[in-house]
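See structure below.
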Amino acid sequence: MTLERLPYALSVCKLSGAGDLSRPYSFLFAARTDTELSLVCRTEEVPAGTIAWEDGWRAFRIAGTLDFSLVGILSRITGLLADGGIGLFAVSTYDTDYVLVRDADFARAADALSAAGYAVV
């Protein structure tokens with residue numbers, strides 16, 4: 001399985017309201033629940049109305065489209081990183097999954113995933 005390194009820094013944010021989510025973002029994952037509105041975006045694109053955020057994240061994308069019947073893909077990746085003491089933040093889209101790790105752990109995470117047989121490109 002191939003994991004793609006995304007080439008930019010990301011931030012994980014909490015917003016007080018929808019704010020400026022209608023503008024064009026080059027990368028945006030947003031989630032609204034009954035208690036919060038969170039998003040992941042490029043660090044230079046953190047929107048107005050952000051009340052809390054964490055900078056310093058990088059991401060791996062599982063290449064290709066994952067069928068919903070596939071089982072254990074994210075579990076295996078997160079287990080490998082947990083075994084290496086690497087914390088993560090995972091997000092999923094209709095097509096695939098993204099695994100975010102702290103920038104300071106990014107190279108170590110890539111090495112652990114490569115050693116486990118993943119092609120990290």
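In table form, for the structure just shown:
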| read-out | value |
| --- | --- |
| Residues of the stretch 108-120 satisfying the condition of being exposed (fewer than 12 other Cβ atoms within 10 Å of the Cβ) and part of a helix (DSSP H, G or I) | ALA115 |
| Test: residue in the stretch 65-76 that is touching a Leu at 6+ places or on another chain (Cβ under 7 Å) and at pLDDT 95 or above | no |
| Pick from the stretch 98-107, criterion out of contact with any Gly (no Cβ under 9 Å at 6 or more places or on another chain) and outside any strand (DSSP E or B), ranking: farthest from TRP57 (Cα to Cα) | ALA107 |
| Residues being in a loop (DSSP other than H, G, I, E, B) and touching a residue at least 12 places away in the same chain (Cβ under 8 Å) - total across the stretch 80-97 | 7 |
| Candidate set: the stretch 21-30, residues that are without any contact (Cβ under 8 Å) to a residue 24 or more places away in the chain and outside any loop (DSSP other than H, G, I, E, B); chosen: the one most open to solvent (accessible area, probe 1.4 Å) | LEU28 |
| Top-ranked residue in the stretch 82-101 [being of a type in the set (A, V, I, L, M) and farther than 16 Å from VAL40 by Cβ; ranked as most open to solvent (accessible area, probe 1.4 Å)] | ALA82 |
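The values are calculated or read from the model by the stated rules, or taken from the named source; none is laboratory data. A quick note: this is a predicted structure, and the numbers were derived from the prediction, not measured. Here the Cβ is made from the backbone with ideal geometry for all residues, glycine too, and neighbour counts use every protein chain on show. Quick note on the areas: whole protein, heavy atoms, side chains included, nothing else; ligands and nucleic acids left out. Shrake-Rupley method; radii C 1.70, N 1.55, O 1.52, S 1.80 Å.
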